[in-house]
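Reading through the structure tokens given below for one structure.
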């Protein structure tokens with residue numbers, strides 16, 4: 001089966017420009033996560049979806065970040081406007097359902113560079 | 001809130017030597033614990049997980065980890081390192097709220 005698919009793999013933009021990342025989770029996985037991984041650090045949760053509902057977005061910087069998962073399948077994460085400090089790898093993950101015993105399946109990530 | 005601490009940001013071993021990557025956790029309730037591996041320019045791949053069953057957990061690629069409640073540890077080991085094991089390894093903890101927290105990672109280098 002296909003894994004978690006993310007696009008694009010790499011993105012370079014100038015500061016103050018908008019950017020969007022796309023994620024298609026594993027088929028049948030109801031829970032979807034967006035993480036941000038800064039250089040030399042572990043991933044940090046930005047938002048968690050249960051189907052189309054954002055059930056945990058407490059770590060999402062809402063002034064410039066937004067996300068959607070309209071049909072409970074694929075998801076988009078947007079930054080507008082981007083800042084230099086947003087340079088990071090953005091990882092999408094999915095799990096069968098909300099349950100910490102399953103573990104997550106991660107995509108390959110989108111490496112964002114803001115210049 | 002739960003958290004993990006990975007001791008040693010870099011570990012270097014010779015090929016064929018024992019691999020030991022250290023992870024200590026903090027949690028007010030029984031945790032679920034995970035080890036993930038990340039190869040360059042790739043996402044994280046689950047190596048193994050502890051979910052309150054057997055305390056010694058075997059994972060993929062010959063890795064295993066032992067949950068020690070008295071030491072709040074979940075160290076990752078492999079008896080004999082291979083060149084292909086060179087990667088970044090992340091320990092993670094999760095409890096009831098489904099919020100998985102990752103450590104800062106340990107970069108494993110394997111010398112020929």
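Of all the numbered requirements in (1) under 25 Å from residue A:12 (Cβ atoms); (2) surrounded by 13 or more Cβ atoms within 10 Å (Cβ to Cβ), residue A:94 misses one, and that requirement is (1).
A count restricted to segment B:26-35 and to residues that are in a strand (DSSP E or B) and at pLDDT below 95 stands at 4. When only residues in segment B:67-98 that are farther than 16 Å from residue B:46 by Cα and within 14 Å of another protein chain (Cβ to nearest Cβ) count, which is modelled with the lowest pLDDT? Within segment B:67-98, the match that is modelled with the lowest pLDDT is B:97.
From A:5, A:73, grab the single residue that is away from chain B (no Cβ under 14 Å), in contact (Cβ under 8 Å) with a residue 40 or more places away in the chain, within 30 Å of residue B:51 (Cα to Cα) and surrounded by fewer than 21 Cβ atoms within 10 Å (Cβ to Cβ). Break it down into steps so the answer makes sense when it comes.
On the way: A:5 fails: away from chain B (no Cβ under 14 Å).
Only one candidate qualifies: A:73.
Which one is nearest to the other protein chains (Cβ to nearest Cβ) among residues in segment A:24-47 that are over 9 Å from the mean Cα position of the chain (by Cα) and surrounded by 21 or more Cβ atoms within 10 Å (Cβ to Cβ)? Break it down stepwise before answering.
Here is the first cut: in segment A:24-47, the ones over 9 Å from the mean Cα position of the chain (by Cα) are A:24-31, A:37-44.
Restricting the remaining residues to those that are surrounded by 21 or more Cβ atoms within 10 Å (Cβ to Cβ) gives A:25, A:37, A:42-43.
On the way: A:25: 12, A:37: 9, A:42: 3, A:43: 5 Å.
Within segment A:24-47, the match that is nearest to the other protein chains (Cβ to nearest Cβ) is A:42.
From the list A:93, A:82, which one is at pLDDT 90 or above and not in a strand (DSSP E or B)? After applying the criteria, what remains is A:82. So which residues in segment B:9-19 are closer than 19 Å to residue B:73 by Cβ, loosely packed, with under 13 Cβ neighbours inside 10 Å and away from chain A (no Cβ under 11 Å), if there are any at all? Matches in segment B:9-19: B:18 only. Suppose the filter is within 25 Å of residue B:105 (Cα to Cα), at pLDDT 95 or above and buried (at least 17 other Cβ atoms within 10 Å of the Cβ); does residue A:21 pass it? Spelling it out, residue A:21 is indeed within 25 Å of residue B:105 (Cα to Cα), at pLDDT 95 or above and buried (at least 17 other Cβ atoms within 10 Å of the Cβ).
Looking across segment B:36-65, the residues that are in a loop (DSSP other than H, G, I, E, B), within 13 Å of another protein chain (Cβ to nearest Cβ) and either in contact with a strand residue (DSSP E or B) (Cβ under 6 Å, 6 or more places away or on another chain) or at pLDDT 90 or above (or both) come down to B:39, B:43, B:51, B:59.
The values are calculated or read from the model by the stated rules, or taken from the named source; none is laboratory data. Everything numeric here is computed off the predicted structure, so don't read it as measured data. Positions of Cβ are generated from backbone atoms using ideal geometry, with glycine treated the same way; all protein chains shown enter the neighbour counts.
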